[in-house]
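The values are calculated or read from the model by the stated rules, or taken from the named source; none is laboratory data. Because the structure is a prediction, the values reported are computed rather than measured. Virtual Cβ from ideal backbone geometry, glycine too; neighbours counted across all protein chains shown. With ligands, DNA and RNA removed, areas are computed over all heavy atoms of the protein, side chains included. Shrake-Rupley method; radii C 1.70, N 1.55, O 1.52, S 1.80 Å.
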Amino acid sequence: MKTDILIAGVGGQGTLLASVLLGDIAITEGKEVKLSEVHGMAQRGGSVVTHVRISDGPIASPVIDNGQADILLSFEMLEALRSLPFLKKDGMIFVNEQKIMPMPVITGARSYPEDIRERLEQGTKNIKYIDAASLAREAGNMRTINTVMLGALSGSMDTPVDTWLKAIEKCVKPAFVDVNKKAFMLGRNI
Amino acid sequence: MKKIMLGNEAFAQGAYEAGVGFISSYPGTPSTEISEYAAGFDEIDVQWAPNEKVALESAVGASVAGMRSMSCMKHVGLNVAADPLFTSSYIGVNAGLVVIVADDPGCYSSQNEQDSRYYAMAAGIPMLEPSDSTEARDFVIRAFELSEKYDTPVIIRSNTRLGHSRGLVEAGTRKEVPLFEYKKEMAKRVMMPAMAVNAHKVLEKRINTIKEDSSSFDINRIEYADRKIGIITSGVAYQYVKEAVPDASVLKLGMVYPLPEKLIREFASSVEKLYIVEELEPIIENAVKAMGIGAVGKEILTIQGEYSTNLLKKAFGTGKVEFTGSGDIPQRPPIMCPGCPHRGVYYVLSKNRYTVTGDIGCYTLGALAPLSSVDTCLCMGASISMAGGMEKARGKEFARKLVAVIGDSTFLHSGMTGLLNLVYNGSTATVMILDNSTTGMTGHQDNPATGKDAKGNPAPAVDLETLVRAIGVKRVRTVDPFDLEGMEKAVKEETAKEELSVIISRHPCALIDRTRKNKYASSEKCRNCGMCMKLGCPAITRTEKGVVIDQSMCQGCGLCSKVCPFGAIGEVER
Ligand SMILES: Cc1ncc(C[n+]2csc(CCOP(=O)(O)OP(=O)(O)O)c2C)c(N)n1
């Protein structure tokens, strides 16, 4: 069994923490795992993707290629569309409904696509739209969108809830553990 | 114990286990985290040097003095360190010396896509290339053994994908390596012509010996499978090969210079058709072809960008890839953060339409719309020297609208000598040092102006004003970039003067500034004139009813309220 999860978002949204958490869970479950992430320039508000590859057997490449991802977990609408090519046929998308305007849209050079849902649906019918921003607000911290989304994703995986919460305790700064656990559960219970 | 580790963390782990005592580096994506992780080990003395040349020279010094030492940098950093690198191979080592250099195929965070293997060849220094986190750790340990066995520095070539991916690593314990004995060895270490002539001969012999031995190194290994296709590959490209052409026989090179000729010949003669898969330049390919062996490489591949499994599948015809495209959608380029102090500077430069020689750092983003003010970006330090050249070409009149912009870390890296040149050769340009008290772009490393060292301990902070004056600049002033009026006045006055001047724009990076500020919001007074949109702040968007400031993004810098002609943007209590 192998699961390729591509996490897409905007630099600063915490895609990296999400991938590290998934990696930690994979290890707890005794699986092989490779992750690939973006540091540097693009983290300054640009498009970022992190790759999470989990498998029962050895994994060669640390990156997910076009048409390979079982799951696309996107923290923003436009970024989901940008990363759609990674998704395999009939793969699953979890997407935060939030729209963050990129600079070419802010300056008026381009417009934010209106038909993202339709275009995503051309790739797959398995899409979950999540209002992660509202849930993060409810949890008490707008920076927990990433854990809300992981919560939503967790519903489709066999991993016990305890393992997730332990991973949060391990990977998140102590002061933010509680709010992230709350955000995770809000995402999980939708 | 098995641990999941970032490639760069695994390099640091390898250094720790190898008993490394000293690391001197300059940050640069994708190499930075090696030194940062290493700084977490009490047993390793880790320092940020002002630039890569100083870093490597420091490591050479420690190696000569008997301590296992390392220096880490990005590919273009090795250009800066090239001078000591080339002669370090003449001098050899005392205790082991390893340089880790990280290439960036795909230019994720760099100004070019150069291939560092040319340096290994040019300097006659063995080069290893790991392919995952496990090998990142292992190869550092191996590199130190080779370094001491053959009396040579060893380069390890990493890249963005390797450094920034995570995999499982078996972490071991540290092997303490006592200081090697130090004694004067003039003929070996003082590279005057007579000694150098001899050292060059030693170097040639050494490389030939390593080349001979390398065919039996276990880091160069053959994995036989179907013999119809044989692929020679190395580094991360090996992983793509394993996935895209799983049935092929593979010669995986752990050492990419010098190449194991015997092993290559053996492999070539046992497969029907030979291919070379290497990212960037056709270096293995050219060497193999020069041995008189027929092979296919860049004929079906490319010297451009990063490889992938799909790219190889296409080249080898081993699988069809199906996916849905995203269509034509707006790009999302990186941007200056909300609250970034660089924004105030560029607002002024953009408004007054200056010619701006730029440099490398977060402030290079001032080239992008809507600020669109940076004219050039070449390499670290070039802003200042290029301004001097521009003035030579177009005269003093042109210099009245000419500004060189450089960050604090970049100024200390290689801007100081450029400034000295402007002083010495009579430039009248204006230089702006954007002092945000950190090395922002690479993830907030300290530098000689921040008052802290690589381990976070207090360190002397150079006073930039004093330094600039000492270099010989008479007109020096310091402005806060959020004081827009003051900034505009300073820039206008200094550029107008027919004399070299330096403006230090000082305000800490928004990501390290801990002062809590009130946020700003727009009101019904907004007439949607679009003035605030010229700031290119990602927190501000325009709607039909006027602009909206995203409260979760706003950092309270207040620039928008200062540029609003209608007083429509005000502070809100937080
Ligand atoms: C020779 C070389 N070394 C390292 C780098 C990587 N690098 C790019 S910008 C930068 C420093 C940026 O710091 P600073 O000048 O203080 O500007 P800031 O990003 O803080 O605005 C570094 C180290 C490089 N591009 N070239």
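Residues considered: B:388, B:344, B:339. Of these, the only one that is closer than 30 Å to residue B:517 by Cβ, modelled with pLDDT of 95 or more and touching a helix residue (DSSP H, G or I) at 6+ places or on another chain (Cβ under 7 Å) is B:344. Being part of a loop (DSSP other than H, G, I, E, B), of a type in the set (A, V, I, L, M) and within 26 Å of residue B:10 (Cβ to Cβ) narrows it down to one of A:60, A:26, so name that one. The unique qualifying residue is A:60.
For segment A:1-56, a residue qualifies if it is of a type in the set (Gly, Ala, Ser) and away from every other protein chain (no Cβ under 11 Å), and the qualifying residues are A:14, A:18, A:55. Does residue B:483 satisfy the criteria of being within 16 Å of the ligand (Cβ to nearest atom) and of a type in the set (D, E, K, R)? Against the criterion (within 16 Å of the ligand (Cβ to nearest atom) and of a type in the set (D, E, K, R)), residue B:483 does not qualify.
Here residue B:180 clears all of (1) under 30 Å from residue B:248 (Cα atoms); (2) in a loop (DSSP other than H, G, I, E, B) except the condition numbered (1). Filtering segment B:520-574 to residues that are open to solvent by 50 Å² or more (accessible area, probe 1.4 Å), more than 10 Å from chain A (Cβ to nearest Cβ), without any contact (Cβ under 8 Å) to a residue 60 or more places away in the chain and closer than 25 Å to residue B:334 by Cβ leaves B:531, B:543, B:548. If you scan segment B:63-76, which residues turn out to be surrounded by fewer than 24 Cβ atoms within 10 Å (Cβ to Cβ) and more than 14 Å from chain A (Cβ to nearest Cβ)? Listed by number, the residues that qualify are B:64, B:65, B:66, B:67.
Every condition in (1) surrounded by fewer than 21 Cβ atoms within 10 Å (Cβ to Cβ); (2) within 13 Å of chain A (Cβ to nearest Cβ); (3) modelled with pLDDT of 95 or more is met by residue B:79 except one, and the failing one is (2). Set side by side, the residues B:393, B:387 differ, and just one is open to solvent by 40 Å² or more (accessible area, probe 1.4 Å), more than 14 Å from every other protein chain (Cβ to nearest Cβ), of a type in the set (A, V, I, L, M) and away from the ligand (no atom under 12 Å from the Cβ), which is B:393. Give the number of residues within segment A:35-50 that are open to solvent by 10 Å² or more (accessible area, probe 1.4 Å) and more than 30 Å from residue B:367 (Cα to Cα). Residues meeting the conditions: 0. Pairs meeting the criteria (first residue in segment B:75-89 and under 17 Å from residue B:188 (Cβ atoms), second residue within 13 Å of the ligand (Cβ to nearest atom) and not small (Gly, Ala, Ser), beta carbons under 8 Å, at least 6 apart or on different chains) are B:84/B:53; B:84/B:56; B:88/B:56.
From the set of residues in segment A:119-156 that are under 14 Å from the mean Cα position of the chain (by Cα) and modelled with pLDDT under 95, which is farthest from the other protein chains (Cβ to nearest Cβ)? Looking at residues that are under 14 Å from the mean Cα position of the chain (by Cα) and modelled with pLDDT under 95, I get A:155. Look at segment B:21-39: where a residue is closer than 18 Å to residue B:84 by Cβ and more than 12 Å from the ligand (Cβ to nearest atom) and a partner is open to solvent by 10 Å² or more (accessible area, probe 1.4 Å) and of a type in the set (Ser, Thr, Tyr), sitting 6+ places away or on another chain with Cβ atoms under 7 Å, you get B:24/B:58. Among the criteria (1) on the phi > 0 side of the Ramachandran plot; (2) away from chain A (no Cβ under 14 Å); (3) open to solvent by 10 Å² or more (accessible area, probe 1.4 Å); (4) within 12 Å of the ligand (Cβ to nearest atom), the one residue B:444 does not fulfil is (2). In the set B:462, B:473, only one residue is open to solvent by 40 Å² or more (accessible area, probe 1.4 Å) and in a loop (DSSP other than H, G, I, E, B); that residue is B:462. If I filter segment B:108-129 for residues that are open to solvent by less than 40 Å² (accessible area, probe 1.4 Å), closer than 17 Å to residue B:10 by Cα and either at pLDDT 95 or above or away from the ligand (no atom under 16 Å from the Cβ) (or both), do I get at least one hit? Yes, there is a match, as at least one residue in segment B:108-129 is open to solvent by less than 40 Å² (accessible area, probe 1.4 Å), closer than 17 Å to residue B:10 by Cα and either at pLDDT 95 or above or away from the ligand (no atom under 16 Å from the Cβ) (or both).
Each row is one residue, and each column tells you yes or no for (1) under 30 Å from residue A:115 (Cβ atoms); (2) surrounded by fewer than 19 Cβ atoms within 10 Å (Cβ to Cβ); (3) in contact (Cβ under 8 Å) with a residue 12 or more places away in the chain.
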{"residue": "B:290", "(1), (2), (3)": "no, yes, no"}
{"residue": "B:335", "(1), (2), (3)": "yes, no, yes"}
{"residue": "B:338", "(1), (2), (3)": "yes, no, yes"}
{"residue": "B:349", "(1), (2), (3)": "no, no, yes"}
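For residue B:85, all conditions in the list (1) within 16 Å of the ligand (Cβ to nearest atom); (2) within 14 Å of chain A (Cβ to nearest Cβ) hold save one; what is the number of the exception? So the condition that residue B:85 fails would be (2). For residue B:46, are the conditions met, namely being in a strand (DSSP E or B), closer than 22 Å to residue B:161 by Cβ and away from chain A (no Cβ under 14 Å)? Here the answer is no, as residue B:46 does not meet what is asked.
Is segment B:365-373 home to any residue that is assigned by TED's automatic domain parsing to the domain that holds residue B:430, within 22 Å of residue B:499 (Cα to Cα) and within 16 Å of the ligand (Cβ to nearest atom)? No, every residue in segment B:365-373 fails to be assigned by TED's automatic domain parsing to the domain that holds residue B:430, within 22 Å of residue B:499 (Cα to Cα) and within 16 Å of the ligand (Cβ to nearest atom).
Residues in segment B:415-425 that are touching a Leu at 6+ places or on another chain (Cβ under 8 Å) and open to solvent by 10 Å² or more (accessible area, probe 1.4 Å) were compared, and the one that is nearest to the ligand (Cβ to nearest atom) is B:416.
Go through segment B:309-335 residue by residue and tally those that are within 7 Å of another protein chain (Cβ to nearest Cβ) and part of a loop (DSSP other than H, G, I, E, B). Of the residues in segment B:309-335, 14 are within 7 Å of another protein chain (Cβ to nearest Cβ) and part of a loop (DSSP other than H, G, I, E, B). Beta carbons closer than 6 Å, at least 6 apart along the sequence or on distinct chains, pair a first residue in segment B:1-15 that is within 14 Å of another protein chain (Cβ to nearest Cβ) with a second that is outside any strand (DSSP E or B) and of a type in the set (Lys, Arg) for B:10/B:137. From the list A:67, A:108, the one residue that fits, being surrounded by fewer than 19 Cβ atoms within 10 Å (Cβ to Cβ) and within 7 Å of another protein chain (Cβ to nearest Cβ), is A:67.
Rundown of residues vs (1) more than 13 Å from the ligand (Cβ to nearest atom); (2) assigned by TED's automatic domain parsing to the domain that holds residue B:347; (3) crowded, with 24+ Cβ neighbours inside 10 Å; (4) in contact (Cβ under 8 Å) with a residue 12 or more places away in the chain, yes/no style:
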{"position": "B:376", "(1), (2), (3), (4)": "yes, yes, no, yes"}
{"position": "B:410", "(1), (2), (3), (4)": "no, yes, yes, yes"}
{"position": "B:413", "(1), (2), (3), (4)": "no, yes, yes, yes"}
{"position": "B:452", "(1), (2), (3), (4)": "yes, yes, no, no"}
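Among the candidates B:136, B:102, the residue that is buried (at least 24 other Cβ atoms within 10 Å of the Cβ), under 12 Å from the mean Cα position of the chain (by Cα), within 14 Å of chain A (Cβ to nearest Cβ) and not in a loop (DSSP other than H, G, I, E, B) is uniquely B:102.
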